[in-house]
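In what follows, a single structure is set out as structure tokens and then discussed.
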Amino acid sequence: MKTAWELRIRQLDIRLASHADYVALNNFTNLIRAERTPDDPPRSLEETIQQARNIPPVVDLRMWGMEQPEGTEFVAVGSIEIVQLEQNRHAAQFNLDVLPEFRERGLEVSLLRHITEVAEQAGRSLLITSTNSRVPWGEALMQKLGAEKALESHTNQLVLRELDQHLVKSWLEQGQEKAVEFELLFWEGAYPQEHLTAFAALMDVMNTAPRGSLQVEDFQLTPELLRQIEQMLFAAGNERWTLVVREKASGQLAGYTEITWHKGRPQIINQQGTGVLTEFRNKGLGRWLKAAMLDKLLHERPEARFVRTGNADANAPMLKINQALGFQPYIAQATWQIETTRVRAWLEGEPK
């Protein structure tokens with residue numbers, strides 16, 4: 001049984017990795033995903049390559065892989081994202097994955113040393129990560145570190161064949177009553193340039209979603225950053241539909257919802273953000289947006305079978321809409337935070 005001291009660890013230049021490293025990374029991440037979502041198909045090598053090569057420039061992503069000396073396959077991977085924006089310059093997101101048969105051997109200690117060193121050099125005093133219920137090892141590690149479980153959430157799933165279409169129809173009819181004051185705009189693919197600045201401002205509404213006790217500031221998306229995110233999304237083979245509700249009198253964008261899917265996995269629809277500005281709430285606009293998107297999905301994407309969305313467990317208004325539509329808990333998740341100094345103290349107590 002090999003321990004961390006018998007394995008080789010090396011840093012990967014994820015944007016400019018060799019073909020062999022992309023193959024190894026793709027194989028590894030497919031094994032990790034199979035544990036979390038065993039019913040989903042694996043992701044292609046091309047998707048992995050294009051996503052890596054198109055990471056937004058504002059993201060400084062450092063990654064390390066651990067492999068057996070005689071092999072070329074990764075058995076553990078760790079990474080840290082340093083996002084170079086004006087907000088949240090105290091925090092960094094990190095990730096640790098270890099193949100099941102290599103857990104409990106101390107591999108995470110070696111990876112954490114590299115992650116912590118980068119966080120310290122970048123002046124990031126808070127480290128944030130997430131775990132899910134299908135990999136208990138992750139939560140056990142966070143508890144061992146003394147991290148705080150700052151936010152609990154679920155990936156909720158809707159089986160489209162079980163969708164109450166009568167409910168969707170009624171919400172659409174109620175929405176049509178709002179058509180005197182509001183209108184729906186549909187965008188396929190890239191956001192229209194003429195709406196980009198207004199839409200970036202609208203997306204600030206997602207800062208009103210529950211954050212638990214996470215010590216983070218509001219996150220602001222700029223038009224430039226939206227285009228960078230689009231570049232990665234579309235280069236990796238994803239498609240996107242966006243519905244926006246606009247007040248006719250003022251021309252103000254009042255709310256939106258959007259979905260994405262990958263061309264190689266058309267049966268799985270990912271529900272992305274849905275939000276309505278505070279001053280336009282309690283008018284049924286959220287239900288109208290959701291119903292209109294699902295109705296369009298049913299009629300134009302017959303290959304779609306599931307819709308998945310992430311919701312904080314404390315997000316009662318959105319959960320009420322999703323539960324009425326038939327979304328059910330699929331995976332439980334938790335977001336953890338821990339001070340970098342605390343991770344360093346823990347590491348100092350571990351064998352070198």
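The numbers here are math on the coordinates, done by the rules we state, and not lab data. Computed from a predicted model, the values in this text were never measured in an experiment. Cβ sites come from the backbone with ideal geometry, for glycine too, and all protein chains shown count toward neighbours.
Cβ-to-Cβ counts within 10 Å put ASP295, ASP218 in ascending order as ASP218, ASP295, the fewest first.
Between GLU279 and GLU339, what FRET efficiency comes out of the Förster formula 1/(1 + (r/R0)^6) with R0 = 30 Å and r the beta carbon distance, rounded to 0.05? Rounded to the nearest 0.05, the efficiency is 0.20.
Its residue count N sets the reference 2.2 N^0.38 Å, and the alpha-carbon radius of gyration of region 1-109 equals 1.12 times that reference. The Cα center of region 234-252 and the Cα center of region 156-216 differ in position by 9 Å.
Sorted ascending by nearby beta carbons within 10 Å, beginning with the fewest, LEU12, LEU214 become LEU214, LEU12.
Were the residues from TRP137 through LEU45 laid out at 0.36 nm apart, the gain over their Cα-Cα distance would be 30.4 nm.
Backbone phi angles across region 156-164, fed through the Karplus curve with coefficients 6.51, -1.76 and 1.60 (θ = phi - 60°), yield HN-Hα couplings of 9, 10, 10, 8, 4, 5, 9, 5, 6 Hz in residue order; Gly and Pro are listed as x.
Hydrodynamic estimate: the Kirkwood radius of region 164-325 over Cα pairs, inserted into Stokes-Einstein at 25 °C and 0.890 mPa s, corresponds to D of 148 µm²/s.
Ordered by the number of other Cβ atoms lying within 10 Å of each residue's own Cβ, fewest first, HIS19, HIS195 fall into the sequence HIS19, HIS195. Restricting the trypsin sites (Lys or Arg not before Pro) of region 64-112 to loop positions (DSSP other than H, G, I, E, B) with no more than 16 neighbouring Cβ atoms within 10 Å leaves ARG89.
Adding -39500 (n - 2.57) for every DSSP H run of four residues or longer, then dividing by how many residues the chain holds, sets the calculated 222 nm ellipticity at -10500 deg cm²/dmol. As a size descriptor, the averaged projected area of the C-alpha convex hull of region 148-216 was calculated at 8.0 nm². Eigen-decomposition of the gyration tensor built on the alpha-carbon atoms of the chain gives equivalent ellipsoid semi-axes of 38, 22, 20 angstrom, largest listed first. Each residue, ASP313 and LEU196, gets one label point 7 Å from its Cα in the Cβ direction; the gap between the two is 4.1 nm. Charged neighbours of ALA314, selected by a Cβ distance under 12 Å, balance to -1 (K, R count +1; D, E count -1). Ignoring GluC sites (Glu not before Pro) that are buried or in helix or strand per DSSP, and keeping those with at most 16 other beta carbon atoms within 10 Å, what is the longest stretch of the chain between them? Longest stretch, sites excluded: 218-302. When DSSP beta bridges are restricted to pairs lying wholly in the chain, around 90% turn out antiparallel. Based on alpha-carbon atoms, the Kirkwood radius and the radius of gyration of region 87-210 give Rg/Rh equal to 1.12.
For LYS248, the lysines whose Cα comes closer than 29 Å to its Cα, not counting residues fewer than 8 places off in the same chain, are LYS169, LYS178, LYS283, LYS290, LYS296, LYS320.
Checking the a/c ratio against 1.5 first, then a/b against b/c, what shape does the Cα gyration tensor give for region 1-57? Oblate, because a/c is 1.5 or more while a/b does not exceed b/c.
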